[in-house]
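Taken together, the values in this text are just the output of simple stated rules run on the coordinates, not laboratory data. Because the structure is a prediction, the values reported are computed rather than measured. Don't worry about glycine lacking a Cβ; one is built from the backbone with ideal geometry, like all the others, and counts go over all protein chains shown.
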Amino acid sequence: MSLDFNYDFDTYMQFFKDKWLFLVVALIVLLIVVRIVKTVVKWLIVIAILAGVVFYSGYSLDQLKALGTELGTKVADSVKQEAIEAMAGEAKDATFTTNSDGTFTVKTKNLELIGTPNENEVKVNFRGTPLGKWKIDAAIQTLIDQAKKNV
């Protein structure tokens, strides 16, 4: 992800023509903030608005959507990596429970796996937040096996 704001004058003129209403609204909001807010927060808001206008000027709507998707993917991957690390670190304290409906639950301090025997997927909750269904890989199978041993 790189930010490239090296555009010529014509590009900025086209942006001003296409987005004049957006720029007018941003200017009005800036003037209101400067007149009403009297603290350091005012300048943080002004900087955020100006950064938003500059950031928006260099990207089309499709590019912003792609950027949002990319950031969402990175966050999801980061949370998944944290969950996998928790699996490895908390396996010794894992508990295995067979539920009345035939499913099983593996719980640790931060992680909860809910699955059905002989299926290759489990529902994963990390710190109370559902992360969806994951395929049972080596790390998950190791956690399940260790939880069974801890009983």
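Relative contact order, percent, of region 84-131 when contacts are C-alpha pairs under 8 Å separated by at least 6 residues?
About 24 percent, as a whole number.
Over all other residues within a Cβ to Cβ distance under 11 Å of T108, the charged ones net out to +1, with Lys and Arg as +1 and Asp and Glu as -1.
When the listed pairs K74/K148; K74/K109; K17/K74; K19/K65 are checked against a 29 Å cut-off, the alpha-carbon distance exceeds it for K74/K148; K17/K74. FRET efficiency for the pair E112 and V25, taken as 1/(1 + (r/R0)^6) with r the Cβ-Cβ distance and R0 = 35 Å, rounds to 0.15. One quarter of the surface of the convex hull around the alpha-carbon atoms of region 97-147 equals 3.4 nm², the direction-averaged projected area. FRET efficiency for the pair A138 and A66, taken as 1/(1 + (r/R0)^6) with r the Cβ-Cβ distance and R0 = 41 Å, rounds to 0.80.
Compute the signed sum of charges (Lys and Arg +1, Asp and Glu -1) over the other residues within less than 14 Å, Cβ to Cβ, of K133. Computed value for this residue: -1. Fully extending the segment from D77 to K92 would add 2.9 nm, taking 0.36 nm per residue of separation and subtracting the current Cα-Cα distance.
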